[in-house]
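Written out below as structure tokens is the structure these notes cover.
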Amino acid sequence: PGSIRSMVDSSRETGLAGDAPLKQGGTPPLRIGTVRNDAELAEALEILHQLRPDVPLTELPRRIEAMRILNDYRLLVGVLAGVEDGGRVVAVAGIRPDDGLSRGPHLRVDDLVVCESHRDRGFGRAMLRGVADEARRLGLPKVLLDARHSARGFYERLGFAFREAEPCMIDVDAL
């Protein structure tokens, strides 16, 4: 419970985003900001679990709290602001400020997911606009993320530039 409370923050909202076109004609507006209450947090964790099914749902709050303490990781949520489905979380971004010699200061997107039932409606684009707003607020000039191969086209259409370096990982005991 203590760790869950630290993820709820009513102090920041990036505002409404919803000008990305829907296949059916228009994207309902989203309130994009930090998690405001326990109900939003529960919905956000369910959606995040769609992206990270290997992490048990019950383990997500502890892992997120550890990342928050270690590197200022936080969740942004996209909440439907329309009359129908209003107040429902449909998208989540896990973000953290970062800096490095090769990439400079940037806002890192570790996790970005739209609820399966709301995909292909422009919410991913709206969330990334909210991420960009947060980067500007923090004075960070760039947004960086690792893209799955299946999502590469989505990010390319938004203007992301792909670099040659690819992340790789090894267990420490293997070295």
>> Please go through segment 29-45 and give me each residue that is open to solvent by 30 Å² or more (accessible area, probe 1.4 Å) and either touching a Pro at 6+ places or on another chain (Cβ under 7 Å) or under 10 Å from Val89 (Cα atoms) (or both), ordered by number.
In response: Ala39, Ala42, Glu43
> Would you pick out the residues in segment 111-135 that are touching a Leu at 6+ places or on another chain (Cβ under 9 Å), without any contact (Cβ under 8 Å) to a residue 40 or more places away in the chain and charged (D, E, K, R)?
Replying inline: none
> In the list Arg136, Arg62, which residue meets the criterion of being at pLDDT 95 or above, exposed (fewer than 15 other Cβ atoms within 10 Å of the Cβ) and within 17 Å of the chain's Cα centre (by Cα)?
Replying inline: Arg136
> Any idea which of (1) under 16 Å from Leu107 (Cα atoms); (2) surrounded by fewer than 21 Cβ atoms within 10 Å (Cβ to Cβ) is the one Ala93 doesn't satisfy?
Replying inline: (2)
>> I'm trying to understand the selection: among the residues of segment 139-155, which are open to solvent by 90 Å² or more (accessible area, probe 1.4 Å) and either farther than 20 Å from Leu51 by Cβ or outside any helix (DSSP H, G or I) (or both)?
In response: Pro141, Lys142, Arg148
>> What's the total number of residues in segment 65-90 that are of a type outside the set (D, E, K, R), within 16 Å of the chain's Cα centre (by Cα) and surrounded by fewer than 20 Cβ atoms within 10 Å (Cβ to Cβ)?
In response: 2
> Is it true that some residue in segment 87-95 is part of a loop (DSSP other than H, G, I, E, B), touching a Leu at 6+ places or on another chain (Cβ under 6 Å) and small (Gly, Ala, Ser)?
Replying inline: no
> Just wondering, is there one or more residues in segment 114-125 that are within 13 Å of Gly78 (Cβ to Cβ), open to solvent by less than 90 Å² (accessible area, probe 1.4 Å), at pLDDT 95 or above and not in a helix (DSSP H, G or I)?
Replying inline: yes
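The values are calculated or read from the model by the stated rules, or taken from the named source; none is laboratory data. Note that this is a predicted model, so its numbers are computed, not measured. Neighbour counts run over all protein chains shown; Cβ positions are idealised from the backbone, glycine included. Side chains included, ligands, DNA and RNA excluded: accessible areas come from the protein's heavy atoms. Shrake-Rupley method; radii C 1.70, N 1.55, O 1.52, S 1.80 Å.
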